[in-house]
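Notes follow the structure.
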Amino acid sequence: MATARTDAAFVADESFVPTSHKGLTYPFGSAEPADGEVMTVAPGVRWVRLKVPGPLKHVNCWLIDDGDGVALVDAGMNRTESRDAWKAVFKGPLAGTRVTRMIGTHLHPDHIGLAGWMCDHHGAPLWMTRGEWLTAQMLIADARPETPKEVSDYRHAAGWTDEQIEIAAQTGWANFGRIVRPMPMSYRRMVDGETFPIGGRCWRVVVGSGHSPEHACLLDEEARIFIAGDQVLPRISPNVSVGITEPQADPLGDWFASIAKLKREVPADVLTLPGHGDPFTGLHNRLDAMDREHHERLDELEAFLAIEPRRATDCFGRLFRRAIGQEMLVMATGEAIAHLRRLEVEGRAVRETGDDGVWRWGTV
C-alpha cells in the first residue's frame, strides 16, 4: 500500500552524512526571529525564519535594505504557513516596505517556492543564476503525472526493491510545481564574480556547485557578511546527489572544488548567514571540516567495497549511520551514488551492471 507523499520529501537540503561543527562561534547564541518577526543581524541586514516540514524544521531568508525597500534573498516553500508568515511580516515590522528584487540562491523548493509569489505581489524582478533558473523552470513545466519508466529503471539499478519502486511510482511524478509557485518568464541573470550595489553597499556573487547546479552566494567583503544559502551549513552538510537527469555527473567533486574556491575567495572572518541553522563565524573551519569528513567517508566506503561489490542501497549503513525510510530514499540514493561516482572518477572503484540490471561497485 502506498504511503502518502509529504512536503518533507522535497526539502532536499540535508545530507545524511553527519559532520562536525566544532570551531564555530554563534554570535547570537540561540536567539532567532519569532514567527512573523524579523531580527537584525548586521546594519541593513535582517533575518526571517520560516518553518518547513521534515528534520530541518526551518529555512532562513534574508532582507537587505535597498533604498526605499528591501532585497529579499530566498522566500521559503509554497505552503499556507509560509505565506501567512510573510503576510504577518509585511503587515507588522515591515509594514509599507516593498521588495525591490527577489534573489534566489538556488532552485530547491524551500528556498524559491514563494519567489514567484513575491515577484507578483511586489512587482519585483527575479534574480538567479542561469543554471538554477533553467532547472527550476524545467521542473515546474514537467507535468507528467506518472513516474517515467527510465526513473523506475534507474531506481532498480541502484538497488531499490520492487515494492519501494511501486510505492514511489504511486505517489506520482509532477509534484515540484505543487510547492513552487510559477516564476516570471523573465529574470535577471547573476554571474559568478559580478558585483552590484544593494542599498549603497557592494555585493559580489560567489557561485558554488555540488548541492545544486549553480548556487549563488553573496559576499559583502567590506562589511564581512557572507550569505551562504546551502553551500555551507553550520551543523550538517548539504545534500550532494546524483540524479536521473545527469547520471554521469560528479557533484561531490564539484562540491570539493567549491569548498576550495570559497576558502580562496571568501575571508575567514565573515559572518556567515546560512540557509539553515544559525549565523556563525569560523567559515574556514567549517569548510575544512566538511572537506575532511567527506574524504574520510570516501575512504571508509572504498574499504567497504573492497570486501565485495555493493549496490548503492547497500552503502546506506556505511555512509549515513541512520535508518533510511521510504520518504528519504530518493535523496539517500542520490547521495550514495554521488560518493560512489567520486570513487569512480578518482579511479578507486568500478561499476558493473549485473544480469539483473543492478549496478554494483567494487574496488579496482
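Note on the chain: GNM, Cα springs under 10 Å; of 227, 165, 236, the largest mean-square fluctuation is that of 165.
Apply the a/c threshold of 1.5 to the C-alpha gyration tensor of the range 213-364 and tell me whether it is rounded, prolate or oblate. Since a/c reaches 1.5 and a/b is larger than b/c, the shape of the range 213-364 is classed as prolate.
Expressed as a whole percent, the accessible surface of the chain that belongs to carbon and sulfur atoms is 52, based on a 1.4 Å probe. P(r) for the range 169-281, from all Cα pairs and a bin width of 5 Å, is 2, 10, 17, 20, 19, 15, 10, 5, 2, 1, 0 %, short bins first. Computed from Cα atoms, the angle from the helix 329-345 axis to the main principal axis of the chain rounds to 70 degrees. Taking the centroid of alpha carbons for each part, the range 175-208 and the range 104-137 are 7 Å apart.
Amide H contacts for residue 221 (H built 1.01 Å from N in the peptide plane; partners 5 or more residues away or on another chain; cut-off under 5 Å): 204. Remark: the range 152-159, residue by residue, has Karplus-estimated 3J(HN,Hα) of 5, 5, 4, 5, 4, 4, 7, x Hz, where x stands for each Gly or Pro and the curve is 6.51 cos²θ - 1.76 cosθ + 1.60 at θ = phi - 60°.
From largest to smallest, the equivalent ellipsoid semi-axes obtained for the range 267-347 from the alpha-carbon gyration tensor read 29, 17, 10 Å.
Relative to the dominant Cα principal axis of the chain, helix 130-141 is inclined by about 70°. By definition, a body whose alpha carbon gyration tensor gives a ≥ b ≥ c is prolate when a/c is 1.5 or more and a/b is larger than b/c, and the range 31-71 fits this prolate description.
GNM remark for the chain: springs join alpha carbons under 10 Å apart, and the peak mean-square fluctuation among 173, 160, 117 falls on 173.
The alpha-carbon atoms of the chain, seen along their principal axes, cover 65, 43, 34 angstrom, with the largest extent given first. How big is the antiparallel share of DSSP beta bridges in the range 165-280, given as a percent to the nearest 5? Here the share of antiparallel DSSP bridges comes out near 75 percent. The antiparallel fraction among DSSP beta bridges confined to the chain stands at about 75%. Taken over the C-alpha atoms, the range 161-221 has Rg and Dmax values of 18.7, 57 angstrom.
The overall shape of the range 53-185 is prolate: from the C-alpha gyration tensor, with semi-axes ordered a ≥ b ≥ c, the ratio a/c is 1.5 or greater and a/b exceeds b/c. The string of couplings for the range 275-291 from the Karplus curve (6.51, -1.76, 1.60, θ = phi - 60°) is x, 9, x, 9, x, 8, 10, x, 3, 5, 4, 5, 4, 4, 5, 5, 5 Hz, one whole number per residue in order, with x for Gly and Pro. Shown in residue order for the range 51-66 are the 3J(HN,Hα) couplings computed by the Karplus curve 6.51 cos²θ - 1.76 cosθ + 1.60 at θ = phi - 60°: 6, 9, x, x, x, 6, 6, 8, 9, 9, 10, 10, 10, 10, 3, 9 Hz (x for Gly and Pro).
Over the residues of the chain, the helix contribution to mean residue ellipticity at 222 nm works out to -10000 deg cm²/dmol, using -39500 (n - 2.57) for each DSSP H run of at least 4. The mean sequence separation of alpha-carbon pairs under 8 Å and at least six residues apart, normalised by the residue count of the range 30-115, gives a relative contact order of 28 percent.
Quick one: check the C-alpha center-to-center distance for the range 246-264 versus the range 330-346, whole angstrom. Cα centres, the range 246-264 to the range 330-346: 13 Å.
Scoring 124-135, 208-219, 141-152, 246-257 by mean Cβ neighbours within 10 Å over their residues and listing the highest first yields 208-219, 124-135, 246-257, 141-152. Under a Gaussian network description of the chain, with springs only between Cα atoms under 10 Å, the residue in 287, 72, 298 that fluctuates furthest is 298.
Gyration tensor analysis over the Cα atoms of the range 203-254 returns equivalent ellipsoid semi-axes of 25, 12, 7 Å (largest first, whole Å). Charges were assigned to the Cβ only: +1 to each Lys and Arg, -1 to each Asp and Glu. The resulting dipole of the range 162-284 about its Cα centre is roughly 480 debye.
On a per residue basis, the chain carries 40 Å² of accessible surface, using protein heavy atoms and a 1.4 Å probe.
With contacts taken as Cα pairs under 8 Å and at least 6 residues apart, the chain reaches a relative contact order of 19 percent.
The values are calculated or read from the model by the stated rules, or taken from the named source; none is laboratory data. All of these numbers come straight from a predicted model, not from anything done at the bench. As a convention, Cβ positions derive from the backbone with ideal geometry for all residues, glycine included, and neighbour counts pool all protein chains shown. Just the protein is used for accessible areas: all its heavy atoms, side chains included, with ligands, DNA and RNA removed. Shrake-Rupley method; radii C 1.70, N 1.55, O 1.52, S 1.80 Å.
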